[in-house]
Every structure is written in structure tokens, then in C-alpha cells.
Amino acid sequence: MAKGKPPFVIFVIRIFFVTLILSAGISIVSQYLTNKISVQFAFLVLFIIMFIGVIFDTVGIAVAACDNVAFVSRAAKRDKSAKRAIILLKNAPQVTSFCNDVIGDICGIVSGSIGAVIAAKIILISNSLPEFSWVIGISALIAAFTVAIKAAGKNFALKNSKEIVSFISKILSPFWRVK
């Protein structure tokens, strides 16, 4: 850790660079895919990106809402999954920032740019509506769909936070060892 800089400042600097690298990578891959495939498959890529964003937003809300009491007794019995859950919950601000702000927001921004590519593809193959109608319509549908499924995900996360945190801590077991 750098001398004189509080841990939060270090976290903000790290999250900046992680976001920069992840957003560039996701944008490059999604733009490449959507430029090379049909409109139908471009919609599939769009929905996958949106789904990833919703999943991460749901996890972020669950971590923020969950109480670690449910995991303390399991951790005392040397349950490594419960220990991972407690670590996630103790670091809730960082976990929620990564899940909601980094991954969730990147997916939202990338889905908007994919929508623009889809609108351009449709404009090229269709003469039925003015160009702005396609752009506005697709943008509005992406926004409405994203907000609706994120609302459902947040509601689910608030009602099932303990189960979600437990599930995520089990998924992380091959990647994250605890003592």
C-alpha cells in the first residue's frame, strides 16, 4: 500500500483501471461479434450482455443487503464457503462497487452500443421506417428491458440475499481458497 494514501483511494484507483481494461475488452469483443453476425445473433449477444449485467447487479445488491449472522456459526465449524461469504460481506462496499458499478454499468453501456450497431444493421436492410425511428425504438427497448429486469433482480436479491451470497461463495471456491 502506498504511504499516506487511504485504502479507499487505492481502491478507487484500482477500480478505475479494472473498469478501463474490462470495458475495453468487452466492447472490443461485443463490437467485433455484432459486426460479423446477423441481426438475430446480434440480439442474442445483446441479451447475453444484458443478462450478465443483471446477474452482477443482483449479486451486488444481495451482498449489500445480507447479514453475516447466518454464516458465522457455519464458519466457526470450519465451513470454507461460509468463511468466503463472511469475507464478501465484510468487503460489501468493494464487492457491490465491482458488481454493480464496474460489471453492471459496463454491461449497460456496451448494450447501448450494441443497440446502435443493431439499429444500423436494420437501417441498412430496411426502408420501412425513418432511421431515427429504429435508433430511438431500439434504444428505448434496451433501456426499458434493462430497467425492468434489474428491478426484478433487485427484488429477488433483497428477498434471497443469504441464499445468493451462499451460492456465490460456493461458486468462488475453485478460484478463492480460504484458511
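At a glance:
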item: Region 17-46 residues that are without any contact (Cβ under 8 Å) to a residue 60 or more places away in the chain and under 17 Å from residue 120 (Cα atoms), paired with ones that are surrounded by 12 or more Cβ atoms within 10 Å (Cβ to Cβ) and among the small types (Gly, Ala, Ser) (beta carbon under 9 Å, 6 or more apart); result: 33/42
item: Out of 145, 156, 175, sole residue that is surrounded by 15 or more Cβ atoms within 10 Å (Cβ to Cβ), within 29 Å of residue 73 (Cβ to Cβ) and of a type in the set (A, V, I, L, M, F, W, C); result: 156
item: Filtered residue count, region 159-172, keeping only those that are surrounded by fewer than 16 Cβ atoms within 10 Å (Cβ to Cβ) and either in contact with a strand residue (DSSP E or B) (Cβ under 7 Å, 6 or more places away or on another chain) or of a type outside the set (A, V, I, L, M, F, W, C) (or both); result: 3
item: Considering residues of region 126-142 that are without any contact (Cβ under 8 Å) to a residue 60 or more places away in the chain and aliphatic (A, V, I, L, M) only, the residue surrounded by the most Cβ atoms within 10 Å (Cβ to Cβ); result: 138
item: Filter result for residue 72 (part of a helix (DSSP H, G or I), surrounded by 12 or more Cβ atoms within 10 Å (Cβ to Cβ) and over 20 Å from the mean Cα position of the chain (by Cα)); result: yes
item: Residue in region 75-124 that is surrounded by the fewest Cβ atoms within 10 Å (Cβ to Cβ), counting only those that are at pLDDT below 90 and among the basic types (Lys, Arg); result: 77
item: Residue within region 97-107 that is part of a helix (DSSP H, G or I), out of contact with any helix residue (DSSP H, G or I) (no Cβ under 7 Å at 6 or more places or on another chain) and of a type in the set (Asp, Glu) present; result: yes
item: Residue 113 vs. criteria in contact (Cβ under 8 Å) with a residue 60 or more places away in the chain and not in a helix (DSSP H, G or I); result: no
item: Test result for residue 123, without any contact (Cβ under 8 Å) to a residue 40 or more places away in the chain and touching an Asp or Glu at 6+ places or on another chain (Cβ under 9 Å); result: yes
item: Condition met for residue 64 (surrounded by 13 or more Cβ atoms within 10 Å (Cβ to Cβ), touching a Pro at 6+ places or on another chain (Cβ under 9 Å) and either under 30 Å from residue 121 (Cα atoms) or among the aliphatic types (A, V, I, L, M) (or both)); result: yes
item: Qualifying residue in region 43-53 (condition: surrounded by 18 or more Cβ atoms within 10 Å (Cβ to Cβ) and small (Gly, Ala, Ser)); result: yes
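The values are calculated or read from the model by the stated rules, or taken from the named source; none is laboratory data. Note that this is a predicted model, so its numbers are computed, not measured. Methodologically, a virtual Cβ is constructed for each residue, glycine included, from the backbone with ideal geometry; neighbour enumeration extends over all protein chains shown.
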